[in-house]
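The values are calculated or read from the model by the stated rules, or taken from the named source; none is laboratory data. What you are looking at is a predicted structure, and each value in this text was computed from that prediction instead of being measured. Every residue, glycine among them, receives a Cβ derived from its backbone with ideal geometry; neighbour counts consider all protein chains shown.
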Amino acid sequence: MADEWRASDNLADGGANDAESEWRPVGIDISTPSIARVYDAVLGGKDNYPVDRAIAEASLAIVPEIGDVGRFNRAVLGRGVRFMAEQGIRQFLDLGSGLPTVQNTHQVAQAHSADAKVVYVDKDPIVLAHGRALLAENDRTTVVTADLRDPEAVLGHPDVRALIDFDQPIGLMLVGVVHHLNDDEGPLAIVEAYKKALPPGSYLFLTHFCASSPDAVALEKALLTDLGSGRFRTLEEITAYFDDFDLVEPGVVYLPQWRPEEPIGDELTVGQRLMAGGIAAKPTA
Ligand SMILES: C[S@@+](CC[C@H](N)C(=O)[O-])C[C@H]1O[C@@H](n2cnc3c(N)ncnc32)[C@H](O)[C@@H]1O
């Protein structure tokens, strides 16, 4: 039933007509904001509700470039997946993948190599509902609903095992998601558990909100307090996730600086410094 669509079934008002008569999948709670839907609202998508848009608008009031920040992240996702595909990676595990939008991982990877396989993992069931429609005829891509804070469950999931061969190099993606984890949830240990499961020659691709300015601190409060969890981290803290792996050039940098395809100015704006990330390879010895 989760992928069936119906109007006026608002969990918030017990089924009364939603003021905006919006359509949504049965079983999706629209009274509580969802990270995936807030991000969709920031990117200008249509798969979001008033409760999500309120957070997106509060973020916009603090950092007017917030839409650009989402687009920088999607753009670097495309550049990063292409980079890994060019290194020979043919299987991608995309954790915290979000709602389908532009430049989805499988589209970038399969444009490079039609045989590339992609497993999307997200804890929000709305991602599965939308992903099913997008992937109906793509047997090299699947969506799994799971919580990445449980690496054992994710790595042992039958749908993950069915598509990903853990004896062949993998592109592990944690793009725009680790900042949703609290320190007491052990984000470093969680990322480490995934890194450990990768064969040599695999890559870790991680991007993260960065505590790079007073505006970033204000945004962190608006964005993550309302969404219930997480923390913006410093460049040093973000770099620590790549520990023991070999960072590819240019290392951990603000997203527009990661292998840009167009010239960028010397002075980055607050928005351009809001997220940082990089890609690193698992050493062969
Ligand atoms: C900001 S979106 C990023 C989407 C995409 N990776 C990108 O960078 O464009 C973060 C996604 O991570 C998901 N997420 C957050 N915490 C998660 C968890 N513990 N396990 C799995 N997914 C999670 C959210 O549901 C959301 O879809």
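Here are a few things to note about the model shown:
- Matching option when the condition is among the β-branched types (Val, Ile, Thr) and closer than 16 Å to Arg74 by Cβ, among Val175, Val143: Val175
- Single residue of Ala222, Ala218, Ala211 found to be touching an Asp or Glu at 6+ places or on another chain (Cβ under 8 Å) and among the aliphatic types (A, V, I, L, M): Ala211
- A count restricted to region 211-229 and to residues that are crowded, with 23+ Cβ neighbours inside 10 Å and at pLDDT 90 or above stands at 1.
- Residue in region 260-270 that is part of a strand (DSSP E or B) and at pLDDT 95 or above present: no
- Filtered residues of region 131-168 (kept if in contact with a Gly (Cβ under 9 Å, 6 or more places away or on another chain) and without any contact (Cβ under 8 Å) to a residue 60 or more places away in the chain): Thr141, Thr142, Val143, Leu148, Arg149
- Within region 177-199, if we keep just the residues that are over 17 Å from Gln91 (Cβ atoms) and in a loop (DSSP other than H, G, I, E, B), the residue that is farthest from the ligand (Cβ to nearest atom) turns out to be Gly186.
- Residue pairs meeting the criteria (Cβ under 6 Å; at least 6 apart or on separate chains; first in the same structural domain as Leu227 (by TED's automatic domain parsing), in region 169-184; second assigned to a strand (DSSP E or B) and within 8 Å of the ligand (Cβ to nearest atom)): Met173/Asp94; Leu174/Leu95; Val175/Thr207; Gly176/Thr207
- Every test in (1) in contact with a strand residue (DSSP E or B) (Cβ under 7 Å, 6 or more places away or on another chain); (2) near the ligand (Cβ under 10 Å from one of its atoms); (3) among the hydrophobic types (A, V, I, L, M, F, W, C) is passed by Phe83 save one, and that test is (2).
- Condition check for Leu204: under 22 Å from Asp124 (Cβ atoms) and either of a type in the set (Val, Ile, Thr) or within 16 Å of the chain's Cα centre (by Cα) (or both): no
- If only residues of region 135-176 that are within 14 Å of the ligand (Cβ to nearest atom) and either in a loop (DSSP other than H, G, I, E, B) or at pLDDT below 95 (or both) are counted, the one that is surrounded by the most Cβ atoms within 10 Å (Cβ to Cβ) is Gly176.
- Flag if Val51 is near the ligand (Cβ under 10 Å from one of its atoms) and in contact with a Ser or Thr (Cβ under 9 Å, 6 or more places away or on another chain): no
- Count of region 86-127 residues which are within 12 Å of the ligand (Cβ to nearest atom), over 20 Å from Ala197 (Cβ atoms), surrounded by 23 or more Cβ atoms within 10 Å (Cβ to Cβ) and more than 11 Å from the chain's Cα centre (by Cα): 2
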